[in-house]
Amino acid sequence: MPSLKTPETVKALQDIIVEYNALIDDFSITQVEKGAHLKKIQKVSNDFLERTRINCEALVPMLEIYKTNNAMIQPIGLLTRSILSDFLTFCYLVTFADAQDTTQESVQNELDLLERDFLRSMLEVGELESRLNEYNKNILNAYETEEIYLEHLAHIKEEFGHLYINDGTELRIKKPQ
């Protein structure tokens with residue numbers, strides 16, 4: 001079986017990615033010029049397209065390096081995996097879209113669940129970053145002081161306020177139900 005990793009095939013793939021990105025750019029500009037008011041699922045679709053476009057943009061220089069350095073296959077694979085994961089997540093979300101549902105409540109509920117998982121991960125990473133020096137004395141904490149870390153937490157709680165509930169005693173992340 002002949003090798004698919006030739007400068008010509010890698011260049012062809014790069015050209016396809018550049019053309020794809022140009023199509024996404026044209027589509028986005030057209031939507032803005034039309035002043036399109038997007039429904040929730042359309043906005044989510046647009047967000048996924050934009051994120052895919054950015055990831056594809058990163059693939060082009062990585063593929064150039066790959067021509068001479070096979071080790072680039074791992075970061076290329078990770079980026080491709082991210083693109084495919086986004087695509088599968090988008091397909092999942094589309095199953096909740098209902099043209100008759102003007103509020104698209106089901107789509108919003110699923111988006112909230114995804115955001116909730118992201119929020120929990122972000123909070124865990126933030127807590128770890130605030131105490132890096134405890135784990136390795138050679139690494140400085142991400143936040144200079146406890147107050148700065150608490151300000152960061154307050155900002156997160158404000159930004160993701162729709163995912164929190166105040167049960168009278170404390171502010172906590174909503175449960176999935």
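Filter the stretch 136-164 down to the residues that are under 27 Å from Gln108 (Cα atoms), surrounded by 12 or more Cβ atoms within 10 Å (Cβ to Cβ) and hydrophobic (A, V, I, L, M, F, W, C) and list them by number.
Leu153, Ile156, Phe160, Leu163
Give the residue, chosen from Asp25, Asp47, that is of a type in the set (D, E, K, R), part of a helix (DSSP H, G or I), in the same structural domain as Ser85 (by TED's automatic domain parsing) and surrounded by 13 or more Cβ atoms within 10 Å (Cβ to Cβ).
Asp47
For Phe96, work out the one condition from (1) surrounded by 13 or more Cβ atoms within 10 Å (Cβ to Cβ); (2) part of a helix (DSSP H, G or I) it doesn't fulfil.
All conditions are met except number (2).
Between Arg131, Arg116, Arg172, which is surrounded by 12 or more Cβ atoms within 10 Å (Cβ to Cβ), basic (Lys, Arg) and free of Cβ contacts under 8 Å to residues at least 12 places away in the same chain?
The match here is Arg131.
Could you say whether any residue in the stretch 133-154 is among the small types (Gly, Ala, Ser) and within 16 Å of Arg172 (Cβ to Cβ)?
yes
Quick one: in the stretch 1-22, of everything that is over 14 Å from Lys67 (Cα atoms) and not acidic (Asp, Glu), which residue is surrounded by the fewest Cβ atoms within 10 Å (Cβ to Cβ)?
Per the criteria, the residue is Met1.
Pull up the stretch 99-113, narrow it to residues that are in contact (Cβ under 8 Å) with a residue 12 or more places away in the chain and part of a helix (DSSP H, G or I), then point me to the one that is farthest from Glu159 (Cα to Cα).
Only one residue tops the list, namely Val107.
Among the residues of the stretch 28-44, how many are surrounded by 13 or more Cβ atoms within 10 Å (Cβ to Cβ), part of a helix (DSSP H, G or I) and over 19 Å from the mean Cα position of the chain (by Cα)?
Residues in the stretch 28-44 being surrounded by 13 or more Cβ atoms within 10 Å (Cβ to Cβ), part of a helix (DSSP H, G or I) and over 19 Å from the mean Cα position of the chain (by Cα): 1 in total.
Determine which single condition Gln104 fails, assuming it passes every other condition in (1) on the phi > 0 side of the Ramachandran plot; (2) in the same structural domain as Asn46 (by TED's automatic domain parsing).
(2)
The values are calculated or read from the model by the stated rules, or taken from the named source; none is laboratory data. Note that this is a predicted model, so its numbers are computed, not measured. Positions of Cβ are generated from backbone atoms using ideal geometry, with glycine treated the same way; all protein chains shown enter the neighbour counts.
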